[in-house]
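For reference, the structure is listed below as structure tokens.
The values are calculated or read from the model by the stated rules, or taken from the named source; none is laboratory data. Note that the structure is predicted; figures quoted are calculated from it, not measured. Note: ideal-geometry Cβ built from the backbone for every residue, glycine included; neighbour counts use all protein chains shown.
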Amino acid sequence: MQLIDIIKVYNTVCGMSCYSWPYDLALAISALKREIHDEVEFFIMEESRLVLEYADRDEHGNIRVSVDEHGNLQKFGSGDLASFTFKDPSQRAEYEQSREKLCTLEAGKNITVRRVAAPPEIRPDWLEALEGFIEFITED
């Protein structure tokens, strides 16, 4: 499992936490969120370090962001990558490579897969993100 998988499932369980679920699923969501918290914090710290290394700054030391003609943040690549302005645009590929290396680090070695009854309904993207973390049991 890669670190980016941990980040995706963390975002999923944060989104799911806003809804009511049967007790066993709610417990599994809460436990999973706590279990992966340290890896998420590691990712945030390392990604922030990369941004600080490659980003251009204004006269106040703030990171410059890329905006379009309407003032909306611009994304590049897959849309997952930061929308900051590079202090040296020729280093974009180096940043992307460093971030990709971070995303593909081996992670989640001690994740406990929790088995819970399948809820009556769940979004397909949540189901996909939870694969390998929460196993849903159906009555077949």
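Pairs are defined by a Cβ separation below 6 Å, a sequence spacing of at least 6 or placement on different chains, a first member in the range 8-24 that is within 17 Å of Glu131 (Cβ to Cβ) and in contact (Cβ under 8 Å) with a residue 12 or more places away in the chain, and a second member that is of a type in the set (Lys, Arg) and part of a helix (DSSP H, G or I); the pairs so defined are Val13/Lys33.
Yes or no, residue by residue, for (1) out of contact with any strand residue (DSSP E or B) (no Cβ under 7 Å at 6 or more places or on another chain); (2) part of a loop (DSSP other than H, G, I, E, B); (3) modelled with pLDDT under 95:
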site	(1), (2), (3)
Glu96	yes, no, yes
Glu100	yes, no, no
Lys109	yes, yes, yes
Thr112	yes, yes, yes
Val116	no, no, no
Pro120	yes, yes, yes
Gly132	yes, yes, yes
Phe136	no, no, no
Glu139	yes, yes, yes
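Annotation for the range 11-33: at least one member residue is in a helix (DSSP H, G or I) and under 18 Å from Arg99 (Cβ atoms). Mind checking whether some residue in the range 31-43 is surrounded by fewer than 16 Cβ atoms within 10 Å (Cβ to Cβ), in contact with a Lys or Arg (Cβ under 8 Å, 6 or more places away or on another chain) and modelled with pLDDT under 95? No, the range 31-43 contains no residue that is surrounded by fewer than 16 Cβ atoms within 10 Å (Cβ to Cβ), in contact with a Lys or Arg (Cβ under 8 Å, 6 or more places away or on another chain) and modelled with pLDDT under 95.
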